[in-house]
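The structure under discussion is supplied below as structure tokens; questions concerning it will follow.
The values are calculated or read from the model by the stated rules, or taken from the named source; none is laboratory data. This one's a predicted model, so the numbers in the text were calculated from it and none came from an experiment. Counting neighbours? That spans all protein chains shown, and the Cβs are built from the backbone with ideal geometry, glycine included. Accessible surface areas use protein heavy atoms only, side chains included; no ligands, DNA or RNA. Shrake-Rupley method; radii C 1.70, N 1.55, O 1.52, S 1.80 Å.
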Amino acid sequence: MLDGLPATCWGADPDGTWATSRGEALRRLDHAVTEVLPVFGPHEDAMLSTSWHLAHTLLSPYLNLGLLRPDEVCDAVEAAYRSGDVPIASAEGFIRQVIGWREYVWGTYWLWMPDYRDANELGAHRPLPPVFTSMADPMANPMAGPEAALGATSGDTQGAAGVADTDMNCVRHAMADIHDYGWTHHIQRLMVVGNLCLIAGGGPVGGDTVDVVVVCRRSGVGDAAQRDWHGPAR
Ligand SMILES: Cc1cc2nc3c(=O)[nH]c(=O)nc-3n(C[C@H](O)[C@H](O)[C@H](O)COP(=O)(O)OP(=O)(O)OC[C@H]3O[C@@H](n4cnc5c(N)ncnc54)[C@H](O)[C@@H]3O)c2cc1C
């Protein structure tokens, strides 16, 4: 199947990091509840160059692809809290993300799509900073004017597969994780990748394959593109 992918397909080959069946996803849930949730709350908003996943549960792909249900995931976390295995800071933080933010994003999607996809209240029409393209094709966009400054280069390893062509260490790490795992954690999405696009005025691009989350997260949070937008005229 991988051989059939187009040459423009970018990213490391799958290495078994992600589950691909219901049974495996349930085992990942069990691991998240017993090994990760106890430290989820205190480290939720941290960023470290030495860990690509920190204390995040890595459950979003399974929730978005339907391999896990939001209610069973929250029930498992609540049960671990009631049995004293998970502190309130972690249980509350996790459950709030699923029944709060995730449901809000779901509602926003069904309320405002399809117009929402094209929302761009800040008029962010600039090309993406070259750091987002330098990994796929190191020679892409070298003369892109001021945006190129955002991907200033030095050192001969940058631009190689998985190594972003930038001196911004936080951006390089986030891009390497996206290349290696197809995933980067929330703070990297919001405060690094999202912020860089916002500052650079780069037009909205996608997230994971699940439309509901991609459009709403990208427009609503990453690019603030809905700033004064109150939905399509009905
Ligand atoms: C710019 C940007 C793009 C994003 N793109 C996506 C995307 O394409 N797909 C996606 O599922 N999430 C997206 N998010 C939300 C969030 O970053 C991910 O859900 C989270 O990083 C997934 O990792 P995890 O499963 O380890 O989450 P954890 O940190 O372990 O959180 C647990 C669960 O809570 C839910 N959750 C956590 N944070 C959020 C949030 N801010 N909004 C909605 N639900 C949340 C997810 O279902 C997640 O699995 C995006 C956020 C931003 C800022």
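If I ask for residues that are aliphatic (A, V, I, L, M) and near the ligand (Cβ under 8 Å from one of its atoms), which ones from region 34-54 would you list?
Once the filter is applied, which keeps residues that are aliphatic (A, V, I, L, M) and near the ligand (Cβ under 8 Å from one of its atoms), region 34-54 yields only Val36.
Something else about it: Of everything in region 44-67 that's of a type in the set (Ser, Thr, Tyr) and touching a residue at least 60 places away in the same chain (Cβ under 8 Å), which residue is most open to solvent (accessible area, probe 1.4 Å)?
Start the filter on region 44-67 by keeping residues that are of a type in the set (Ser, Thr, Tyr), which leaves 49-51, 57, 60, 62.
Still in the running and touching a residue at least 60 places away in the same chain (Cβ under 8 Å): 49, 60.
Values: Ser49: 74, Ser60: 47 Å².
Taking the candidates together, the pick is Ser49.
Condition first: within 19 Å of the chain's Cα centre (by Cα) and assigned to a helix (DSSP H, G or I). Now tell me which residues in region 60-87 satisfy that.
Matches in region 60-87: Ser60, Pro61, Tyr62, Leu63, Asn64, Leu65, Pro70.
Right, here's the next one. Scan region 93-123 residue by residue and report those that are within 20 Å of the chain's Cα centre (by Cα) and in a loop (DSSP other than H, G, I, E, B).
Result: Ala119, Asn120.
Mind checking which pairs have a first residue in region 195-208 that is open to solvent by 40 Å² or more (accessible area, probe 1.4 Å) and at pLDDT 65 or above and a second that is in a loop (DSSP other than H, G, I, E, B) and within 10 Å of the ligand (Cβ to nearest atom), Cβ under 8 Å, 6 or more apart or different chains?
Leu198/Asp223
Would you say Val105 is of a type in the set (A, V, I, L, M, F, W, C), within 30 Å of Tyr81 (Cβ to Cβ), modelled with pLDDT under 95 and in contact with a Gly (Cβ under 9 Å, 6 or more places away or on another chain)? Give the steps one after another, and end with the answer.
Working: of a type in the set (A, V, I, L, M, F, W, C): yes; within 30 Å of Tyr81 (Cβ to Cβ): yes; modelled with pLDDT under 95: yes; in contact with a Gly (Cβ under 9 Å, 6 or more places away or on another chain): yes.
For Val105, the condition - of a type in the set (A, V, I, L, M, F, W, C), within 30 Å of Tyr81 (Cβ to Cβ), modelled with pLDDT under 95 and in contact with a Gly (Cβ under 9 Å, 6 or more places away or on another chain) - is met.
Suppose we keep only residues that are of a type outside the set (Val, Ile, Thr) and away from the ligand (no atom under 12 Å from the Cβ) within region 20-30. Which one would you say is farthest from Gly66 (Cα to Cα)?
Selected residue: Asp30.
Sticking with this structure for a sec: Which residue out of Ala32, Ala76 is surrounded by 12 or more Cβ atoms within 10 Å (Cβ to Cβ), over 22 Å from Asp177 (Cβ atoms) and among the small types (Gly, Ala, Ser)?
Only one candidate qualifies: Ala76.
With respect to Ile95, determine if the residue is at pLDDT 95 or above, open to solvent by less than 80 Å² (accessible area, probe 1.4 Å) and either within 10 Å of the ligand (Cβ to nearest atom) or in contact with a Lys or Arg (Cβ under 6 Å, 6 or more places away or on another chain) (or both).
Taking the combined requirement at face value, the residue satisfies it.
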